[in-house]
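Colleague: Mind looking over this structure? Questions follow.
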Number of protein chains: 2
Amino acid sequence: MSEATHESKQRLLDAALTVIRAKGYSAARVDDICDAAGLTKGSFFHHFKNKEELAVAAAEYWACTTGKFFASAPYHDAADPLDRVLGYIDFRSAIIQGDLPDYTCLIGTMVQEQYDSNPAIREACERCIYGHAAEVAKDIDLAKARYVPDADWNAMDLAVHSQAVIQGAFIVAKARLSMGVALASVTHLRRYIEFLFSHPKGKA
Amino acid sequence: MSEATHESKQRLLDAALTVIRAKGYSAARVDDICDAAGLTKGSFFHHFKNKEELAVAAAEYWACTTGKFFASAPYHDAADPLDRVLGYIDFRSAIIQGDLPDYTCLIGTMVQEQYDSNPAIREACERCIYGHAAEVAKDIDLAKARYVPDADWNAMDLAVHSQAVIQGAFIVAKARLSMGVALASVTHLRRYIEFLFSHPKGKA
DNA sequence: TATAACATACCAACTGGTCGGTATGGTGAT
DNA sequence: ATCACCATACCGACCAGTTGGTATGTTATA
């Protein structure tokens, strides 16, 4: 990929994130995205074969940028793996800021509508969610081995559950137009994880 | 409303649930819904002013039918409020059956795309989610008063969190095309509630 | 001058919504 | 009983606007 290509393509991808997160994938028109990017259809279809390809590229772009974003977050500095896990949760709380389209998830929005209609988009979303969950699961696994090695739950399951809670929090926040309810759910998630790590067998 | 009116309108509403849950609101064409109902556009626009009005009616219909469905579920028979709360969670697990469009939530699907574009739909979704959460909160409140009256969380918050977990579970299930991951999240939710009710102060 | 990057104009297909018309059934006067 | 009158329910052809996508032309750059 040339660098020159990059800039306009990037702008289209960034525009896609904004528009799709606000309106959903189906309602997001190619022209909306072009307008948001300050470009035209000629440019759009020069860089992407069709709307679906843009969606897949947007999902991958999202996975890439959020991946770097989380990878560079300060919670990784903690020496204790459990502190990193809880730090991740706290970091997720901290980035719930501003307007809804700013903190909600492109992936959850797209997969909700397109899981049955568009396999390529669904698969890209699956890769993104599970890729991120696998990263989180690493620290969960280390923390589990250190503190509750015999607990009857596994790290990846808990990581995926965490993603589910966050996704669900966004939905409730959208219904209420309030980030407060999203934060409340993430707080419950944090407490659950604290519980899990203070009970050797994972039982109440 | 005459009974004759009812039947076709009902068929359109039922068709709307099916089509919207499978394709999302934007991608659900009026003709798709008419086809699914075995009726024509003439009938559709006789019963509903426009597509938005159908969506709002569908949300209310959903709230009504699921409301009755949960109200008549056997978990209400338990004498202990905590058993009813856990019974509700188990019931939610039990109804995760069949294909994805059969157990996922119309409300979550619609509000995800339309929260910013269509206030009437968002408000209908908010009423539905919070109305259901308020019902669940009643038993949570009773159980809390009995077992952990001093805990530092409140019933409605936990009820809304439960809805968030369930909504999030659907999203992850859609990404993976698997109801197993949805069940896993609901299982985590159950364990969290068990934890909360075995710790007087709500602390780990 | 060759090629990538973009703009402009355009099209065919589709979409929500309209409209004229029909079928059916109820009501009240004769 | 029958007929005029009217309302509701429904049909399906149609329309105007929109949409994803294409064709063609222009500009920048190497």
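The values are calculated or read from the model by the stated rules, or taken from the named source; none is laboratory data. Quick caveat, the model's predicted, so the values are computed rather than measured. Neighbour counts are summed over all protein chains in view; Cβ atoms, including those assigned to glycine, are modelled from backbone coordinates with ideal geometry. All accessible areas refer to the heavy atoms of the entire protein, side chains included, with ligands and DNA or RNA removed. Shrake-Rupley method; radii C 1.70, N 1.55, O 1.52, S 1.80 Å.
Colleague: Only residues that are among the hydrophobic types (A, V, I, L, M, F, W, C) and within 16 Å of DNA strand C (Cβ to nearest atom): list them for the range A:29-84, please.
Modeller: Let us first name the residues in the range A:29-84 that are among the hydrophobic types (A, V, I, L, M, F, W, C), namely A:30, A:33-34, A:36-37, A:39, A:44-45, A:48, A:54-59, A:62-64, A:69-71, A:73, A:78-79, A:82.
Result: A:Val30, A:Ile33, A:Cys34, A:Ala36, A:Ala37, A:Leu39, A:Phe44, A:Phe45, A:Phe48, A:Leu54, A:Ala57.
Colleague: Which residue pairs have Cβ atoms closer than 7 Å, lie 6 or more positions apart in sequence or on different chains, and pair a first residue in the range A:37-55 that is open to solvent by 30 Å² or more (accessible area, probe 1.4 Å) with a second residue that is more than 7 Å from DNA strand C (Cβ to nearest atom) and part of a loop (DSSP other than H, G, I, E, B)?
Modeller: A:Glu52/A:Asn118
Colleague: If I filter the range A:123-130 for residues that are assigned by TED's automatic domain parsing to the domain that holds A:Ala58, open to solvent by less than 10 Å² (accessible area, probe 1.4 Å) and closer than 16 Å to A:Leu86 by Cβ, do I get at least one hit?
Modeller: no
Colleague: Further question: Quick check on my filter: what residues within the range A:167-180 are among the hydrophobic types (A, V, I, L, M, F, W, C) and surrounded by fewer than 23 Cβ atoms within 10 Å (Cβ to Cβ)?
Modeller: Within the range A:167-180, A:Leu177, A:Met179 meet the criteria.
Colleague: Among the helices (runs of 4 or more DSSP H) confined wholly to the range A:1-112, which include 1 or more residues that are of a type outside the set (S, T, N, Q) and within 19 Å of the chain's Cα centre (by Cα)?
Modeller: In the range A:1-112, A:3-23, A:51-71, A:81-94, A:100-103 are the helices (runs of 4 or more DSSP H) which contain 1 or more residues that are of a type outside the set (S, T, N, Q) and within 19 Å of the chain's Cα centre (by Cα).
Colleague: Restricting the search to the range A:22-35, which residues are crowded, with 24+ Cβ neighbours inside 10 Å and in contact with a Leu (Cβ under 8 Å, 6 or more places away or on another chain)?
Modeller: If the condition is that a residue be crowded, with 24+ Cβ neighbours inside 10 Å and in contact with a Leu (Cβ under 8 Å, 6 or more places away or on another chain), then A:Ile33 is the only one that fits.
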